[in-house]
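Data block below; observations after.
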Amino acid sequence: MKNILGCVFILFSQIIFAQVMPSASNKLDAAAIIKSFAPTGTLRVGINLGNPVLAGSIDKSEPQPKGITIDIANEIGKRANLPIELISYQSAGATVEALKANQIDLIFVAIDPVRGADISYTPPYIQIEGAYMVKASSSLKSNEEVDAMGNEIVVGKGSAYDLYLTREIKRAALLRSANSQSVVDDFMNGKGNVAAGVKQQLEADATRYSNLRLLPGRFMVINQAIGIPKARPEVDKTNAYLGGIIAQLKASGFIAQAMKRHGIEGAKVAE
């Protein structure tokens, strides 16, 4: 069954490529597409170092950053015959602002309707989980108990979790840290009584402290995708081209193998 689905994905991607990539009769159109999302001749890719699922690896023997998004970016550059420039940022929000300012061409970011006002998304390539962390002495036992008067949730400013919780939280207060990496430190320094973020980031940060625990399960699932500026010319065709690559990378096992190679757990290939 999986082999059949894989073949369907690949066939679908080939149809997309036939529409948007160079062929005997469509080279000028393909050149316009490539130029539209890499106008400098180099594909400038924003890398979010604040999410260890996206830019993180258990293998530190080679130059950093490493991770699944770097692997995907390099594959896109290879297929488009473009050089790649990786530009690192400390948060997803910073990559979004750089994209809007035309400082970069492509980012890896959570699909969110607020950001979608300026960003065109491909279909997702992986799904990751958002979780809550509390101190061991906390009376909170479940995610459903968090949104209550008197609770204060610490979250990275401008992160997908911030955007989501801003829409969904009705009774608790949101306290914003500078970025996702500083959430647990701020929390342990007395800010709020709940920390929110990427489950893997919270787990990693918790190893530096004691008497912390994650609430069971998750409060949200985030679809991670490629984002490009809506304002660029040929944006629909560019998005179809990139979406076709993502479809192929998922169907071929590239995404799953990259996750395994970098030791990424708690995330899954998007359907």
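What are the trypsin sites (Lys or Arg not before Pro) within the range 153-182 that DSSP puts in a loop, where the Cβ has at most 10 other Cβ atoms within 10 Å?
Details: sites: K157, R167, K170, R171, R176; in loops: K157, K170, R171.
When the trypsin sites (Lys or Arg not before Pro) of the range 153-182 are filtered for loop state and at most 10 Cβ neighbours within 10 Å, K170, R171 remain.
Which one, T95, G190, Q64, projects farthest toward the positive side of the charge dipole computed for the chain from Cβ point charges (K/R +1, D/E -1)? So the residue furthest toward the plus end is Q64.
What number, in percent, do you get for the relative contact order of the chain if the mean sequence gap of Cα pairs under 8 Å and at least 6 apart is divided by its residue count? Each step should come with its number before you reach the end.
On the way: 511 pairs, mean separation 77.9, N = 271.
Taking the mean separation of contacting Cα pairs over the length of the chain, I get 29 percent.
Suppose every K and R has +1 on its Cβ and every D and E has -1 on its Cβ; what is the size of the dipole of the range 113-154 about the Cα centre, in Debye to the nearest 20? With Lys and Arg at +1 and Asp and Glu at -1, about 120 debye.
Report, in debye and to the nearest 20, how large the dipole of the chain comes out about its Cα centre when Lys and Arg carry +1 and Asp and Glu carry -1 on their Cβ. Display every interim value, and only then the final one.
Values: 29 positive and 25 negative charges, 41 e Å.
So the dipole magnitude of the chain works out to roughly 200 debye.
Mean projected area of the convex hull spanned by the Cα atoms of the chain, taken over all viewing directions: 15.2 nm².
Adding -39500 (n - 2.57) for every DSSP H run of four residues or longer, then dividing by how many residues the chain holds, sets the calculated 222 nm ellipticity at -11500 deg cm²/dmol. Computed extension gain for K191 through A32, at 0.36 nm per residue and net of the alpha carbon distance, reaches 52.3 nm.
Pairs of alpha-carbon atoms within less than 8 angstrom and 6+ residues apart define the contacts here; what relative contact order does the range 156-271 have, in percent?
Details: 60 pairs, mean separation 20.4, N = 116.
Averaging sequence separation for qualifying contacts and normalising by length gives 18 percent for the range 156-271.
For the range 74-228, carbon and sulfur atoms together expose 48% of the accessible surface, with a 1.4 angstrom probe and every protein chain in place. The length gained by stretching the chain between A101 and D59 to full extension, at 0.36 nm per residue less their Cα-Cα distance, is 11.8 nm. Between the Cα long axis of helix 27-37 and the first principal axis of the chain there is an angle of about 20°, rounded to the nearest 10.
The values are calculated or read from the model by the stated rules, or taken from the named source; none is laboratory data. Not measured: the values here are computed from a predicted model. Because the Cβ atoms are built from the backbone with ideal geometry, glycine has one as well, and the counts that use them run over all protein chains shown. Please note that ligands, DNA and RNA were not included when accessible areas were found on the heavy atoms of the full protein model with its side chains. Shrake-Rupley method; radii C 1.70, N 1.55, O 1.52, S 1.80 Å.
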